[in-house]
Amino acid sequence: MRTAWLLLIGTVATAGALWLAACGGGGGAPEFQQGDRLRVVASVSAVGALADAVGGDLIELEVLAGPGVDVHAFELSPADRRKIDRAHVVAQIGLGLDRFVEKSASKEQLLVLSDGLPVLREGHEADGAGSGEYDPHVWHDVDNDKRMAMTLAGVFGRIDETNAAAYMQNATELAGRLDAADAEIRALISEIPDKNRKVVTNHDALGYLLDRYGLVFVGAVIPALTTSSEPSAKDLVELADVIKKEGVKAIFAESSVDPKVAEQLAKDTGVKIVEGLYADSLGPAGSGADTIEGMLLANAEKIVEALR
Ligand SMILES: [Zn+2]
């Protein structure tokens, strides 16, 4: 069983205020002249999609760990460092997911979007408390996405004052699309019979989605919030037992992680494997899963198809 609880670090308003308070010292950020185009670097594709929805053509956006990239293993190239050097804002999720930007960006550039969000904590030990790490995959909950979009709009608008109202308008429109996707996903998930609402994923990346829509996390092939640990033979035997005992119908493997261990497990347990779930990254441009709401819907459709 998943042991998760909420931690409210603060509010989005506080996050914005802290960010501004951090301005004006240290390594700094390139100066922004009103009338310039705001230069934004996004650490991962989910942040890129949010920044794109909020900034659109008003910003110059660079995404570092793009679609299909294993964000937990990502390292900056010299070209990435140059993009960071030029950026007015370097937006990241935080919570250990995208530390790679912290090495290169100044604290004046960095905007940590998970600040102020209700963050899930994963407890892999039976006693739970204090044993888990914070789950950084926050964008799998539409409420978090709406708040992160508002944070981006607030920060973009405080720097690029000319376009402040447009950023806010874009964030509000995104919120509307996210609400519509949320309603659609709820309707889809209601088609899954209660007894089938058990999920095994490749690594523990979909906690926010499962929690929001009442699905039960039974186990992960890689029993961690990152992809960098490896399951032991004993872990896999135990997980195979759980899959059989709980009558799990499918194992979900995400697009950015090598599915070979999951495939072996599916073979051993006679359970089907569903590949291509967008856990750590969004889909490539034009896939329909290249926006936050498109990605959430694509995942829900795959899950429902397998568990219905
Ligand atoms: Zn992950």
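The values are calculated or read from the model by the stated rules, or taken from the named source; none is laboratory data. Computed from a predicted structure; not experimentally measured. Neighbour counts run over all protein chains shown; Cβ positions are idealised from the backbone, glycine included. In case anyone asks, the SASA skips ligands and DNA or RNA and just uses the protein heavy atoms, side chains included. Shrake-Rupley method; radii C 1.70, N 1.55, O 1.52, S 1.80 Å.
Data overview
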{"quantity": "Residue selected from segment 189-202 under the condition open to solvent by 10 Å² or more (accessible area, probe 1.4 Å) and not in a strand (DSSP E or B), by the criterion nearest to the ligand (Cβ to nearest atom)", "calculated": "197"}
{"quantity": "Odd one out for residue 286 among (1) more than 22 Å from residue 49 (Cα to Cα); (2) within 22 Å of the chain's Cα centre (by Cα)", "calculated": "(1)"}
{"quantity": "When residues of segment 241-277 are limited to those that are open to solvent by 20 Å² or more (accessible area, probe 1.4 Å) and touching a Gly at 6+ places or on another chain (Cβ under 6 Å), the one farthest from residue 193 (Cα to Cα)", "calculated": "255"}
{"quantity": "Members of segment 230-253 found to be assigned to a loop (DSSP other than H, G, I, E, B) and either more than 16 Å from the ligand (Cβ to nearest atom) or within 19 Å of the chain's Cα centre (by Cα) (or both), listed by number", "calculated": "232, 247, 248, 249"}
{"quantity": "Qualifying residue in segment 281-296 (condition: more than 16 Å from the ligand (Cβ to nearest atom) and at pLDDT below 90)", "calculated": "no"}
{"quantity": "Of all residues making up segment 203-212, the number that are open to solvent by less than 20 Å² (accessible area, probe 1.4 Å) and out of contact with any Phe, Trp or Tyr (no Cβ under 7 Å at 6 or more places or on another chain)", "calculated": "6"}
